[in-house]
1. May I ask you to say which residue of GLU61, GLU38, GLU54 is part of a helix (DSSP H, G or I) and modelled with pLDDT under 85?
2. Every residue in the range 20-35 that is exposed (fewer than 12 other Cβ atoms within 10 Å of the Cβ), at pLDDT 90 or above and either within 17 Å of the chain's Cα centre (by Cα) or farther than 30 Å from TRP60 by Cβ (or both), please.
3. Within the range 1-32, track down each residue that is of a type in the set (A, V, I, L, M) and in a loop (DSSP other than H, G, I, E, B).
Amino acid sequence: MANPRNDIKKLPHSPARKAPPSEDNILRLIVAATPGDERDILIACLHTLGRIDEMLRLRWEDVNFDGNLPPPSG
């Protein structure tokens, strides 16, 4: 039994690649951000290279000022 889908040609596809923002654009974004939480989260993303969704999921228990060790689980 032949698969009818085999006769359909695939459309050309080239994956789009996001260009990283320039240093100038990052600094402009931080300066334009509202002082306080908005600016703080952008600076945290910049220093940790974290994604915004990762930053928004952080809890205070995840922060460790004593060293590079992960917080204790449990």
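The values are calculated or read from the model by the stated rules, or taken from the named source; none is laboratory data. Keep in mind that this is a model prediction, so the values were computed, not measured. As a convention, Cβ positions derive from the backbone with ideal geometry for all residues, glycine included, and neighbour counts pool all protein chains shown.
1. GLU61
2. Listed by number, the residues that qualify are SER22, GLU23, ASP24, ASN25.
3. Result: MET1, ALA2, ILE8, LEU11, ALA16, ALA19.
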